[in-house]
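Take a look at the structure set out below.
The values are calculated or read from the model by the stated rules, or taken from the named source; none is laboratory data. It should be emphasised that the depicted structure is a prediction, and the values quoted were computed from it without experimental measurement. All Cβ positions, even for glycine, are placed from backbone atoms using ideal geometry, and neighbour counts span all protein chains on display.
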Amino acid sequence: MQRVAVLGATGSIGTSALDVIARHPQAMRASVLAAGRQVEALLALCRTHRPEHAVIADPAAYPALRDGLRAAGLDTQAHAGAAALDALVAGDACDTVVAAIVGAAGLSSTLAAARAGKRLLLANKESLVLAGELLMREAHVHAATIIPIDSEHNAIFQCLADGNPPARITLTASGGPFRGWSGAALAAVTPAQAVAHPKWSMGPKISVDSATLMNKGLEVIEAHHLFAVPADAIRVLVHPQSLVHSLVDFTDGSSLAQLGLPDMRTALAVGLGWPRRIASGVGALDLLAQGGRLEFEAPDFEAFPCLALAFAALEAGGTAPAVLNAANEEAVSAFLQGRIGFLDIPDTVSATLDAMPPHAADSLETLLAADARARALAQARIAARGGQA
Ligand code: NAD
Ligand code: MG
């Protein structure tokens, strides 16, 4: 019996993971469920999946979790805080960890899973952007298996199954809700428009990242770490149908791609079952029913500067990707709260990168300090733009 910790259980990836796990009651079960602050949603999941442990990040929410579990007559143990989560992830309550907390908040538990040598289903791309070298090194040293849970990287993982190194990687991008828009039109977009993704149903932060193309930028950095490819061997191609999830070119001229409907349960089933193929609940791909066309176009680097900012941060190295990620998290949060406009997101990230010339990132402390400093600078910039906290 595979025992799975689902971190970010109440989110989009978390609920998809639980959907797949529940299809295989003989083979796997959710033993740990963790969420940020949504106690009622976490309690509802506990009633359905009956985990051994439930963790809420917000300590103030602990009494409500504990009392709710008791009132429901469940044996699930209640925990609160990041340290409790890290201990559960590292301990024998689970052998597989679905890392699906959003943002840099997911780094600590992701690192704990890597250091404990777990099978790590890694959706939390921000941890790779912030501390990719460190995370990959820890996973290697402690023999953790990382299976990427990002549709593009999961596709590449599948294409690389025979062990041959890639010559080049092509990440596909849907283009987001504003594909084809100009910079002037983008200035006025609202949070509601930005989170309405044409192809994928996702949490609010990654939806905004998809709209700015920062998501693809983060994915370029993610791919660099996961597959040890340099920035100049990674290309981005807009593919509005979102059916080809990425491509890998090999030295012999072959290109392999993975296709499927845009539903994250496929990637999660790959991660949970690998190397076996298991049912995910996702239907078979019917290309004719999907319109019979696969289209590709170059991304618009001018209207969507976040993509170029991410490439530049990867090339600069050191603390630059951590700064990029932290400034972006702050800017997206301010945008979602209506405090700044859409184009203030790339502006904030760019200004923060300019204000913090990259230096070597030789330790977790250095990276976390860069993350904290970048957040402070980004917040100051946001406040100066008129966005009050
Ligand atoms: P979401 O907003 O739907 O869910 C986020 C989850 O994280 C929630 O359960 C929330 O309670 C939890 N959380 C937030 N802060 C926390 C904290 N401090 N401690 C513990 N838990 C906390 O987000 P999502 O769309 O599911 O995305 C999760 C991650 O997966 C992100 O890193 C995202 O980039 C990545 N990802 C998502 C998709 C997708 O299709 N949704 C695809 C690829 C990658
Ligand atoms: Mg993706």
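Might you let me know whether the range 154-171 holds any residue that is part of a loop (DSSP other than H, G, I, E, B), closer than 23 Å to GLN290 by Cα and in contact (Cβ under 8 Å) with a residue 12 or more places away in the chain?
no
With respect to the conditions (1) within 21 Å of ALA298 (Cβ to Cβ); (2) modelled with pLDDT under 95; (3) within 16 Å of ligand 2 (Cβ to nearest atom), SER201 lacks only one, and its number is (1). Counting only residues that are farther than 25 Å from PRO262 by Cα and of a type in the set (Gly, Ala, Ser), the range 179-205 holds 6 of them.
Every residue, every condition in (1) free of Cβ contacts under 8 Å to residues at least 40 places away in the same chain; (2) surrounded by 15 or more Cβ atoms within 10 Å (Cβ to Cβ); (3) at positive phi, yes or no:
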{"position": "GLU302", "(1), (2), (3)": "no, no, no"}
{"position": "LEU307", "(1), (2), (3)": "no, yes, no"}
{"position": "ALA312", "(1), (2), (3)": "no, yes, no"}
{"position": "ALA316", "(1), (2), (3)": "no, yes, no"}
{"position": "ALA327", "(1), (2), (3)": "no, yes, no"}
{"position": "GLY341", "(1), (2), (3)": "no, yes, no"}
{"position": "ALA355", "(1), (2), (3)": "yes, yes, no"}
{"position": "HIS359", "(1), (2), (3)": "no, no, no"}
{"position": "ASP371", "(1), (2), (3)": "no, yes, no"}
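Taking (1) of a type in the set (Asp, Glu); (2) crowded, with 21+ Cβ neighbours inside 10 Å; (3) more than 9 Å from ligand 1 (Cβ to nearest atom) in turn, GLU126 satisfies each apart from (3).
If you go through the range 147-167 one residue at a time, do you hit one that is within 16 Å of ligand 2 (Cβ to nearest atom) and either of a type in the set (Phe, Trp, Tyr) or surrounded by fewer than 19 Cβ atoms within 10 Å (Cβ to Cβ) (or both)? Taking every residue of the range 147-167 in turn, at least one turns out to be within 16 Å of ligand 2 (Cβ to nearest atom) and either of a type in the set (Phe, Trp, Tyr) or surrounded by fewer than 19 Cβ atoms within 10 Å (Cβ to Cβ) (or both). Candidates in the range 102-131 are the residues that are away from ligand 2 (no atom under 16 Å from the Cβ) and of a type outside the set (Gly, Ala, Ser); of these, the one that is nearest to ALA372 (Cα to Cα) is LEU130. All conditions in (1) at pLDDT below 95; (2) touching a Leu at 6+ places or on another chain (Cβ under 8 Å) hold for ASP362, with the sole exception of (2). Using the structure shown, decide if GLN388 is loosely packed, with under 15 Cβ neighbours inside 10 Å and at pLDDT below 95. In short, yes.
Taken together, VAL248, VAL236, VAL208 contain a single residue that is more than 25 Å from ALA114 (Cβ to Cβ), in a strand (DSSP E or B) and at pLDDT 95 or above, which is VAL236.
Just so you know, in the range 151-163 the residues that are small (Gly, Ala, Ser) and within 16 Å of ligand 1 (Cβ to nearest atom) include one that is farthest from the chain's Cα centre (by Cα), and it is ALA155.
The set of residues from the range 342-371 being under 22 Å from VAL208 (Cβ atoms) and not acidic (Asp, Glu) comprises PHE342, LEU343, ILE345, PRO346, THR348, VAL349, SER350, ALA351, THR352, LEU353. Would you pick out the residues in the range 317-359 that are within 15 Å of PRO204 (Cβ to Cβ), assigned to a helix (DSSP H, G or I) and not acidic (Asp, Glu)? Listed by number, the residues that qualify are ASN328, ALA331, VAL332, SER333, ALA334, PHE335, LEU336, ILE345.
Here ALA114 passes the criteria (1) surrounded by fewer than 16 Cβ atoms within 10 Å (Cβ to Cβ); (2) touching a His at 6+ places or on another chain (Cβ under 7 Å) except the one numbered (1). The residue pairs whose first member lies in the range 1-22 and is in a helix (DSSP H, G or I), whose second member is surrounded by fewer than 24 Cβ atoms within 10 Å (Cβ to Cβ) and of a type in the set (Asp, Glu), and whose beta carbons are closer than 7 Å, counting only pairs six or more residues apart or on different chains, do not exist in this structure. In the range 134-150, of all residues being closer than 16 Å to ALA100 by Cα and part of a loop (DSSP other than H, G, I, E, B), the one that is nearest to ligand 1 (Cβ to nearest atom) corresponds to ASP150. Summed over the range 6-26, residues that are within 16 Å of ligand 2 (Cβ to nearest atom) and surrounded by fewer than 23 Cβ atoms within 10 Å (Cβ to Cβ) total 1. I'd like the full set of residues that are more than 8 Å from ligand 2 (Cβ to nearest atom), more than 14 Å from GLU330 (Cβ to Cβ) and acidic (Asp, Glu), limited to the range 205-222. Within the range 205-222, just GLU222 meets the criteria. When the residues of the range 23-42 are filtered to those that are aliphatic (A, V, I, L, M) and not in a helix (DSSP H, G or I), the one that is farthest from ARG66 (Cα to Cα) is ALA27.
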